[in-house]
Amino acid sequence: MVHDSGFQGSSKLFKHLVKEYQNRPFTMDELLADKKIMKIMVSSAPSADKPGPKSKSSKKIKSNESVEKRSAEKPDQDKCQCRLWKGPKTAGIPVQCSRSKKDDTEFCGFHNTDEKRDKSTYGLITDEPPSHPGHSENSKRRWKFQGPPEEPKKSKTSGKKSMEPSPPVKSAEKSLDEDKNDYKKKEKKEKKDAKAEEAAKAEEAAKAEEAAKAEEAAKAEEAESEDHKSEESDENELEESSPTQSDSDNGSDNDSDSDSDSDSDSDSDSDSDDDSAAIKAALEESDSD
């Protein structure tokens, strides 16, 4: 806020500058030597008897005083019975809600639901203020009457300077040598790891090859055992069928014997027939004589 006297003095000063110094160059010494300018500045300065604008701090002090006075008053039964928070988070002042009750309830129209009361109030004004007024577990709210929070105790050694000597500064050459050694160590380690990895792969390949050979041998042995079993079954079948063949051979021998007997009988019959024919022929010849 600018005082009226100050505004009028500034207006007079600007008009004088435009009128006297607009069309020519001027210096700071000329301005300071100008009596009219000095007169305008003196007249526009605020007087010590006149009160200046009120500062924010004075307003804040008065508001805090009124809040504390309001907090000390007894609960008003005609007002909303909710407790509100006034002041900073670390020094809150509990006060009663200033709104009137509504619809024969204990609360105003704004605090007429449990949800709104849980979010914006701190219990009933007729009860004791909660010792932990925050609406969340991590809240840092504290009432003013609780005092400031306790600060963590500092360790005795935290403020003392360490008496240990600082490590010596490494030279550039020494640092370069250390970098080279580190690089060599790293390279050597990488080679060693690569060899170990190759050896592991070779070992795995050898194991896989041995497993394949063992599997092939097992398959061959299984096939051989199956062939052996089939041969044994064939031999058993042959042994079972051999008595039948011998019986048939015996039968065929008997048949051949009977055939030979019949042949001999037929031969004997033919011989007897020849003999009778010769005898008959001889008798016929004797009769003719």
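FYI, it's all coordinate maths here, none of it is from the lab. Bear in mind that the values here come from a model prediction, so they are computed numbers and not experimental data. Using ideal geometry, Cβ is built from the backbone for each residue, glycine included, and neighbour counts are taken over all protein chains shown.
Where in segment 201-221 does the label zone of residue 231 land, with the point 7 angstrom along Cα→C-beta and an amide N cut-off under 20 Å?
217-221, by backbone N distance to the label point.
Under 5 Å between amide H atoms, partner at least 5 residues away or on a different chain: which partners does residue 123 have, H built in plane at 1.01 Å?
Here 83 satisfy the definition.
Counting only residues 5 or more places away or on other chains, whose amide H sits under 5 Å from the amide H of residue 99 once H atoms are built in the peptide plane?
Counting only residues 5 or more places away or on other chains, the set is 80.
Which whole-Hz ³J(HN,Hα) couplings does segment 119-130 yield from phi under the Karplus relation 6.51 cos²θ - 1.76 cosθ + 1.60, θ = phi - 60°, glycine and proline marked x?
Once rounded to whole Hz, the list reads 8, 10, 10, 10, x, 8, 5, 7, 9, 5, x, x.
So what are the ³J(HN,Hα) numbers for segment 31-39, from phi and the Karplus equation (6.51, -1.76, 1.60; θ = phi - 60°), rounded to whole Hz, Gly and Pro as x?
Residue by residue, segment 31-39 yields 5, 5, 7, 6, 5, 5, 5, 5, 5 Hz.
If the chain between residue 98 and residue 211 were fully stretched, how many nm would it gain, using 0.36 nm times the residue separation less the Cα-Cα distance? Provide the component values of the computation, followed by the final result.
Numbers: separation 113, 0.36 × 113 = 40.68 nm, distance 9.02 nm.
Value of the extension gain: 31.7 nm.
Can you give me the convex hull volume of the Cα atoms of segment 173-218, divided per residue and expressed in Å³?
On the way: hull volume 1.1 nm³, N = 46.
Value for segment 173-218: 23 Å³ per residue.
³J(HN,Hα) across segment 69-79 via Karplus (A = 6.51, B = -1.76, C = 1.60, θ = phi - 60°), whole Hz, x for Gly/Pro?
Values per residue, Gly and Pro as x: 5, 5, 5, 6, 6, 6, x, 8, 6, 8, 9 Hz.
Please list, in chain and number order, the residues 5+ apart from residue 86 or on another chain whose amide H is under 5 Å from its amide H, with Hs placed from the backbone.
93, 95
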